[in-house]
Amino acid sequence: MYKITKMIILLVAGMCLLTGFVTTTTALTNILVESDHAYANNFDYIWPEISHPEATQMRLHFTKLELDFDDKLILLDKDGNKLVTFKDYKNEDFWTEWYTGNTIKVKLETNRYGTAYGFKIDQVETRNDMAPSGDLPESYHSYANNFNYIWPEISRPEATQMRLHFTKLELDFDDKLILLNKDGNKLVTFKDYNNEDFWTEWYTGNTIKVKLETNRYETAYGFKIDQVEIRTNPESISMDIKETPSSSSAPFAYITNGGSNNVSVIDTVNNTVIAVVDVGSDPFGVAVAPDGTKVYVANMGSNNISVIDTATNSVTDTIDAGINPRGIAVSPDGTKIYVVNSASNNVSVIDTVTNNVTASVTAGGIPYGVAVNPDGKKVYVTNGDIGNENNTVSVIDTISNNVIATVTAGGIPYGVAVTPDGTKVYVANWGSDNVSIIDTASNIVIATVPAGNTPRAFGQFISGSVSTSAAPAGPECKEIKDYLPVYTNGVNLNIINKVGKDILVVWTKADSREPVFKVNILNEQNRTVTTPTGIVDEYIRISYPQEVCSWYRVIQATNSGHTQLESGYDYTVTYYWGSNGTGLTPIPDSEAPE
């Protein structure tokens, strides 16, 4: 080993100016850190630290690094924590990744077998700021490992809503870019993300903070934000989403990734992944609450349920389930979750208010799929015990939480779904290559349809509109135009139509037929309105503008049947058939609002 007794450092003339930030490269008349060539066996040594007190980030340049099998070169931070380990490595003339901190230590560990050249480090490069200076947040390119930093907030005092434009966002595996609101609450998390020239969703408020969290492994480009767009009076924006689509109200798809233990959130308008949410081990089934505010994920490997807040794309709670939970479904009114536990042969019933398991219902052998009837009165569970030639579907009564019928299906029934009108159940039989169709009134298989090899349809795989034939038919639907006053001291109300037909929504003052607003919403569309705070009544009419229509009033379980709105909140209301259970009350035309 060379014994370095003196080190003379010469600064390269000038600075390297790169997009507004300063990087200093230090060259040396002698080498910086170097091993013997070749190094010795059974060697374990840490060189004197490479330290630059003014630095916030550092990286090293190797003229050569060559290690024999199982020998290691380890870079450590000031406290001796590993930054990176090179093992069985061979390369020349390369820079390391950037590492957060002002000190790097170099350690060589060798075994008792062959040796190799070793290494020679001749340059160190430093950054003296956490991030480049500028009006809007931007990371260094590439960013550093072990980095955790919040940029100065982006604030527009006059704004009520904001969104950001990225020229580029590229993150390495498990690194995260997080947008926060003024109070530090998460708005969205980008993880393992790569995209260019895109806008974020709209976020309520006048302040956004940007936070970058990186691990100790690889790095990537990072990000650059170049534009901010604001809304100062969202009530004045056109509410006809056919003409003015809003990405903030776009539907999202939630995809479980069993191999990486997370959920991908996909914007279905732009077909891009806008967030990745870490959940439990081996996530399998996923279900979205009817109002879109929560997503429930069955984690087969960790035997629990992750509850995701869709506003922040973060896990807010974890609920213990049975063994190997797979299928999961939410009741139409959003008050219960039904989780199929394949290895414990039962179904967990979970209260969504308390996130507690309130019942456990014994099913058949190795249950897989689960579906809830649109009226919320029955739950259907497939039991796919491979040891049986013909397997079953358990029919559970949701009031008593008892199995009230067992229907013989095909071999190894897997996926199950109920038709929108609740009259039939379709079961994909993995073991017999067919589909059983069950009549829900008699709980009898009325048809068997051949399918391909090993069908596994999972989740709600039946399309079609929700039937409203049971609703009392009213007079011919006359046109009622929108009535949308601007309530400057009111609250924003996003209304989503999942009824299956066009609807007219009218909210009135409590115990009055005097309207607060009237808005027509096409099937599968949504509208945003403003409404005053306080107590109101809800009415909907189905199906504008077709030949006949029916009026309903929404009767809430509290506030004497009224709906209460408080200041300081934004509200989302989703109307879908059976959404309010017995609270969705048909009324004659004479009792409809003015």
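A few notes on this one:
- Only a single criterion out of (1) open to solvent by 60 Å² or more (accessible area, probe 1.4 Å); (2) assigned to a strand (DSSP E or B) is not satisfied by T63, namely (1).
- Of the residues making up region 497-512, those that are among the basic types (K, R) and at pLDDT below 85 are K498, K501.
- Flag for D317 being outside any strand (DSSP E or B) and not hydroxyl-bearing (S, T, Y): no
Every residue, every condition in (1) under 15 Å from L60 (Cα atoms); (2) crowded, with 21+ Cβ neighbours inside 10 Å; (3) within 24 Å of the chain's Cα centre (by Cα), yes or no:
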{"residue": "E92", "(1), (2), (3)": "yes, no, no"}
{"residue": "G114", "(1), (2), (3)": "no, no, no"}
{"residue": "D122", "(1), (2), (3)": "yes, no, no"}
{"residue": "D129", "(1), (2), (3)": "no, no, no"}
{"residue": "F147", "(1), (2), (3)": "no, yes, yes"}
{"residue": "D174", "(1), (2), (3)": "no, no, yes"}
{"residue": "F190", "(1), (2), (3)": "no, yes, yes"}
{"residue": "N195", "(1), (2), (3)": "no, no, yes"}
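- Residue within region 306-315 that is within 22 Å of I266 (Cβ to Cβ), modelled with pLDDT of 95 or more and polar (S, T, N, Q) present: yes
- Of all residues in region 198-227, those that are in the same structural domain as N185 (by the TED database) and among the hydroxyl-bearing types (S, T, Y) have Cβ atoms under 7 Å from Cβ atoms of residues that are open to solvent by 30 Å² or more (accessible area, probe 1.4 Å) and assigned to a strand (DSSP E or B), 6 or more apart or on another chain, in T200/R163; Y203/R163; T207/S155; Y221/K168; Y221/E170.
- Leading residue by the ranking (nearest to the chain's Cα centre (by Cα)) among those in region 353-386 that are hydroxyl-bearing (S, T, Y) and crowded, with 17+ Cβ neighbours inside 10 Å: Y368
- Any pair with Cβ under 7 angstrom, 6 or more apart, that starts in region 477-496 at a residue that is modelled with pLDDT under 80 and ends at one that is of a type in the set (F, W, Y) and part of a loop (DSSP other than H, G, I, E, B): C477/Y544
- Residue in region 436-458 that is touching a Lys or Arg at 6+ places or on another chain (Cβ under 9 Å), under 23 Å from K336 (Cα atoms) and either assigned by the TED database to the domain that holds P332 or modelled with pLDDT of 90 or more (or both) present: yes
- When K224 is tested against the conditions (1) surrounded by 18 or more Cβ atoms within 10 Å (Cβ to Cβ); (2) modelled with pLDDT under 95; (3) out of contact with any helix residue (DSSP H, G or I) (no Cβ under 9 Å at 6 or more places or on another chain), the lone failure is (2).
- Residue in region 400-408 that is in a loop (DSSP other than H, G, I, E, B), at pLDDT 90 or above and open to solvent by 20 Å² or more (accessible area, probe 1.4 Å) present: yes
- Residues located in region 94-112, provided they are crowded, with 18+ Cβ neighbours inside 10 Å and part of a strand (DSSP E or B): Y99, T100, I104, K105, V106, L108
- Only one of the listed residues (Y149, Y99, Y143) is in contact with a Lys or Arg (Cβ under 9 Å, 6 or more places away or on another chain), within 30 Å of F166 (Cβ to Cβ), among the aromatic types (F, W, Y) and assigned by the TED database to the domain that holds L212. That residue is Y149.
The values are calculated or read from the model by the stated rules, or taken from the named source; none is laboratory data. Nothing here was measured: the structure is a model prediction, and the numbers come from that model. Neighbour counts are summed over all protein chains in view; Cβ atoms, including those assigned to glycine, are modelled from backbone coordinates with ideal geometry. Side chains are part of the model used for accessible areas, which takes the heavy atoms of the whole protein and leaves out ligands, DNA and RNA. Shrake-Rupley method; radii C 1.70, N 1.55, O 1.52, S 1.80 Å.
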